[in-house]
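In what follows, a single structure is set out as structure tokens and then discussed.
Throughout, read-outs are computed from the coordinates displayed, never taken from laboratory work. Quick caveat: nothing in here was measured; it's all calculated off a predicted structure. Don't worry about glycine lacking a Cβ; one is built from the backbone with ideal geometry, like all the others, and counts go over all protein chains shown.
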Amino acid sequence: MFNINSILILVVLYEPTDSELNKINSYIRCGYQILVIDNSSRINRGELKENAFNYEHFPENIGLAKAYNLALAFCQKYDYDYLLILDQDSILDFNVLSLLDYSITKLNLDLSKYAIISLHPVNDESMKVLTEPDAVFNFVPVSSGSIVNVHIAYEIGLFDERMFIDTVDTEFALRALEFGYKTVELLNLPIVHQVGQPKNIVINGVSCLVSNHSALRRYYFVRNGLELKRMYESSANPEVRAFAIGYYNWSSQVQVMMINYESNKLEKLFYCLLGYYDFQVRKFGKASYSFEDVLTNKADFDILVLFKLAQEFVENMNLYYSIRTHCQLAELYYDSGNGFNSNARVDAQLVNSNIVSFVITCDDNIIKVRFDPCNMPSKIKLICVTMKVNDTRISLVCNEHNAYSKTDDIYIFLTNDPQFIFNIDLKTCVAEFIFEYEVFAIDTSEYIEIINIQSQRLIELQNYSLVAPKNRIIEKIKFMYNKFLKGA
């Protein structure tokens, strides 16, 4: 039998609103035992009108993992068997707790085998409590609404304080599964919990949800996601292994992709790169640099380099939806047998909006020319390419290109350096090359593919030596980022 009086409720605060404090007051009035750990800069106890609760204030912000561990120690000291964790913005109907024993009994759960019994997180306050139990087993729950078995927590080890905030709950659940314990989410017992500040966007006519988490949260997502993968990607438990790798893919790739649809792109991307960096140098706990430190040049040189890379990335990101004056950026390289190089190139002469011309005066035989139409990922349609020698016009056909794909006359380039190569046989003379072409913006689905491919190159940082000196890690980031920009 599940004894509701054996539960201690923990609420961790961080700069709460008045409505969130009022909600905690309502919990206290329900008569449950509540521990409030406040990570805010100011003391909020005065706003919590009821006195029948325990309150601890940590203005230095000890994070979530340490707060959870302090609560577990409190449980052990005062003989609570379970710890129910609530976020300050979660909304709990306390009828849910009165149905816990009934649901556990109906589902025939052996409590000694379950490290976590989780309520069902929803984002709709109209979601009703259901009397007929339903459940998902061995699921990795979020912290808010999780009821942690105190005795099992002390057996398998407490929450990993290196994680500080994000992934704290995920790592603990995976570790419990590794030890052979179970988790369960009770689908009939909802708790209202909102992840981030989600907003809907439309991609190719399909409505999608992006989390819009804060910039600093992206740091913990990326760093801790990489660490989670390192810890559990070789797990003998296939569920643990699959979830760790899936979480890593979400935290490392999807986070970068979503930034394009959210505000504060530069700050968010900087924190993503900082997360990669700190994972490499094995730096955990609370993030040691703020975005303000970077803007005021108070950060170390290595961190300022990361900021510069983030700036370049965002600048290129902004190009994806705007076709610049591509004709003025076009270049033609020619190969006289020594390959293409910057000493054998000419700039474009603009004929009209879709036609550029290049004039080459050659003293040697030219065997190839390479046309670089623009410097961004794009779709390019080659309409007509001709070479004019004296009064003779010769049509040219593209022999090589670095397009990602080609459909009819449309080439799709997922690189900042699109190239077309034409084989020719040009003797000593003056020749004019005329290119008629159109450049189109990459549409949203293709853009997402660009971000996935290019973020994957940044993700390759995880394969770099964990004991490498810091300057070598920065060199690795520079190398990876140059590949990223060039689409190599």
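A few remarks follow.
- Linear extension gain, residue 158 paired with residue 250, 0.36 nm per residue minus alpha-carbon span: 30.6 nm
- Cleavage-rule hits, GluC sites (Glu not before Pro), the stretch 18-113, DSSP coil, Cβ neighbours within 10 Å at most 16: 50, 60
- Cleavage-rule hits, trypsin sites (Lys or Arg not before Pro), the stretch 1-75, DSSP coil, Cβ neighbours within 10 Å at most 15: 42, 49
- Pairs beyond 21 Å (Cα-Cα), from 113/229; 66/286; 229/283; 268/308; 381/406; 23/128: 113/229
- Annotation: Cα Rg of the stretch 4-192 relative to the compact-globule expectation 2.2 N^0.38 Å equals 0.97.
- Amide H contacts under 5 Å for residue 118, placed H, 5+ residues apart: 147, 184, 185, 186
- 3J(HN,Hα) along the stretch 332-340: 10, 10, 10, 10, 9, x, 10, x, 7 Hz, from the Karplus curve 6.51 cos²θ - 1.76 cosθ + 1.60 with θ = phi - 60°, whole Hz, x for Gly and Pro.
- Computed label-point distance, nm, for sites residue 112 and residue 134 using a 7 Å Cα→Cβ extension: 3.2 nm
- Applying both filters, DSSP loop and at most 15 other Cβ atoms within 10 Å, to the trypsin sites (Lys or Arg not before Pro) of the stretch 335-430 gives 427.
- Simple label model, 7 Å out from Cα along Cβ direction - residue 123 to residue 234, nm: 3.8 nm
- Within the stretch 326-440: Cβ-based charge dipole about Cα centre, in debye rounded to nearest 20 (Lys, Arg +1; Asp, Glu -1): 120 debye
- Label-to-label distance for residue 40 and residue 25 is 1.2 nm, based on points extended 7 Å past Cα in the beta-carbon direction.
- Per-residue Karplus couplings for the stretch 26-38, computed as 6.51 cos²θ - 1.76 cosθ + 1.60 with θ equal to phi - 60°, are listed in order as 5, 5, 4, 5, 6, x, 7, 7, 10, 10, 10, 10, 10 Hz, Gly and Pro entered as x.
- Shape category assigned to the stretch 326-440 from the gyration tensor of Cα positions, a/c cut at 1.5: prolate
- Residue 402 long-range amide H proximity, modeled H, under 5 Å: 419
- Rounded to the nearest 20 debye, dipole of the stretch 4-192 from Cβ charges on Lys, Arg, Asp, Glu: 360 debye
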